[in-house]
1. Rounded to the nearest 10 degrees, what's the angle between the helix 228-240 long axis and the longest principal axis of the chain, both from Cα atoms, 0 to 90?
2. Rounded to the nearest 20 debye, what is the charge dipole size of the chain about its Cα centre when +1 sits on each Lys and Arg Cβ and -1 on each Asp and Glu Cβ?
3. In Å, what Kirkwood hydrodynamic radius results for segment 2-201 from the alpha-carbon pair distances?
4. I need the Debye-formula profile for segment 342-391: one equal scatterer per C-alpha, no solvent, reported as log10 I(q)/I(0) at q = 0.14, 0.17, 0.21, 0.30 1/Å, two decimals.
5. How much length is gained on full extension from R95 to E380, taking 0.36 nm per residue of separation minus their Cα-Cα distance?
6. Let me check I have the definition right: for the chain, take the eigenvalues of the Cα gyration tensor, multiply each by 5, take square roots. What are those semi-axes in whole Å, largest first?
7. Rounded to the nearest 10 degrees, what's the angle between the helix 338-348 long axis and the longest principal axis of the chain, both from Cα atoms, 0 to 90?
8. Using only the alpha-carbon atoms of segment 187-309 as identical scatterers, what base-10 log of I(q)/I(0) does the Debye formula give at q = 0.12 Å⁻¹?
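The values are calculated or read from the model by the stated rules, or taken from the named source; none is laboratory data. Every value quoted in this text rests on a predicted model; they were computed, and no experiment measured them. Glycine also receives a Cβ, built like all others from the backbone with ideal geometry; neighbour counts cover every protein chain displayed. We work out accessible area using only protein heavy atoms, side chains counted, and drop any ligands, DNA or RNA first. Shrake-Rupley method; radii C 1.70, N 1.55, O 1.52, S 1.80 Å.
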Amino acid sequence: MEYEKKLTNLALSLFKIDAVKFGEFMTKSGIKTPVYFDLRVIVSYPEVMELITDLLNDYAIVDSKYDHVCGVPYTALPIATLLSVKVKKSMLMRRKEAKAYGTKKVIEGHYKVGDKCLIIEDVVTSGSSVMETVNDLRKEGLKAEEAVIILDREQGGRQNLDNNNVQMKALLSMSKLISILVDNKKITEQMASEVKNYLQNVKAPAVAPPLDRILIPFEKRAELASNAIAKQLFNIMAIKKTNLCLSVDLTSSTQILDLLEKVGEHICLVKTHIDIIQDFSQSFVTSLKQLAMRFNFLILEDRKYADIGHTVSLQYTQGIYNVKDWADCVTSHSLPGQGILKALNNSSNGEKGVFLLAEMSCEGNLITPEYTKATVEMAEKYPELITGFVCQNKNTFKNPGLIQLTPGVKLESSKDDLGQVYNTPEKVILENGADIIVVGRGIVAAKNAEAQAVIYKDTLWRCYTKRISGKLE
Ligand code: S5P
């Protein structure tokens with residue numbers, strides 16, 4: 001009852017200090033509204049501030065698990081401050097504009113990636129202001145999945161936030177506020193029903209969830225791809241329900257063909273190192289292409305080009321391997337600069353693809369974050385050529401039309417004795433954003449490669465479906 005009393009007290013106080021007004025008003029978007037909120041005035045009333053802080057502390061946030069609180073600027077900032085001091089949890093502060101000088105930080109305060117942050121807001125209509133703060137926090141690697149607010153206008157904000165994986169708790173809903181004010185004879189029944197009608201008829205626009213590539217299903221991403229091979233790969237994955245790429249690092253062509261005969265139906269892509277094959281022949285290439293056609297998978301030659309454009313175009317189109325003839329896509333380093341992509345692009349006629357190496361899986365590799373960033377920027381200039389990136393992290397690139405190809409995967413995390421580092425399917429797909437997963441020795445060296453391929457395929461696909469469901473915990 002104590003709680004009900006305090007809520008009534010809050011509703012009446014907000015009415016008394018004109019934070020809630022009834023009559024005829026115009027909203028920002030030009031719609032007439034019979035009710036208007038302006039909670040900015042509460043800073044002039046310390047007893048109202050105290051009451052709100054008490055209610056938030058005693059009832060709204062008791063079950064919440066969080067490391068920081070963060071107010072949505074500006075009205076909620078002083079409330080977040082009071083709450084932070086009261087519950088002795090650190091506060092983070094989001095700037096509306098990044099500073100033009102100095103640190104250029106958007107989020108002020110000390111935090112670690114993965115910390116949980118509780119959002120505080122005064123009034124929610126569509127939820128878009130809460131989402132601006134949530135998105136900035138998420139960009140920093142913080143978890144922001146709970147928002148505690150004073151007043152819910154009940155115009156769709158709760159649903160919009162829910163769609164963006166933010167749970168909202170409100171001290172007062174509009175209906176609750178109205179019923180308290182009617183019961184206490186502050187507004188008439190007629191005004192109350194006008195407000196109810198208005199709420200029923202005027203809903204806030206939906207706040208579209210940001211186009212986060214890791215939440216978008218492959219069949220949708222196919223539509224967003226500019227490269228023909230990426231489009232095909234997304235579709236193959238969606239149809240065959242597999243995001244397994246087998247790395248056939250074997251030196252005998254018969255062994256490779258035998259293995260593909262067994263696992264072809266379970267993979268979307270085969271990755272070759274053509275120059276390790278002892279008995280390379282044109283008939284091997286012919287058989288490989290036939291298998292790819294029969295089982296509907298594509299071929300990636302992991303050549304990791306790294307020379308000047310002129311040399312790379314010769315390596316790609318000439319010599320005994322004549323890679324361009326049979327490989328749907330190739331891997332390439334970005335180290336030599338744009339020339340390498342220009343060369344590959346000139347030879348591709350818009351029909352082939354390139355996975356650019358933005359990061360590597362092996363220990364002590366010399367790739368820096370700056371190199372990775374420059375690689376992604378370089379790729380942006382060749383949208384028709386780039387299939388995706390060979391990389392290890394979900395924040396390496398954003399474009400949902402590109403594919404994250406991640407090697408260094410085994411069912412259990414481990415290392416080999418030459419620096420290769422293995423992560424689990426769960427880690428690379430759910431945490432690190434991998435789309436296609438490269439498995440070599442995890443399958444090739446298994447006693448029963450086919451059975452092992454099925455285990456990988458099922459595990460990887462389960463992680464992917466869990467990821468796109470958005471429920472990661
Ligand atoms: O960073 C990388 C990039 C690549 S393409 N790390 C890698 O391991 N690769 C390749 O993936 C590597 O050349 C090998 O063919 C495969 C991994 O094989 P595994 O046996 O270690 O699974």
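1. Long axis of 228-240 versus the principal axis of the chain: about 80 degrees.
2. Working: 59 positive and 57 negative charges, 131 e Å.
It works out to roughly 620 debye.
3. Details: mean 1/r = 0.0570 Å⁻¹.
In segment 2-201 this quantity evaluates to 17.5 Å.
4. Taking Cα atoms of segment 342-391 as identical point scatterers yields -0.38, -0.53, -0.73, -1.12.
5. Gain in length upon complete extension: 99.7 nm.
6. Working: eigenvalues 631, 89, 86 Å².
So the equivalent ellipsoid measures 56, 21, 21 Å along its semi-axes.
7. On a 0 to 90 degree scale, this one is about 70.
8. -0.60
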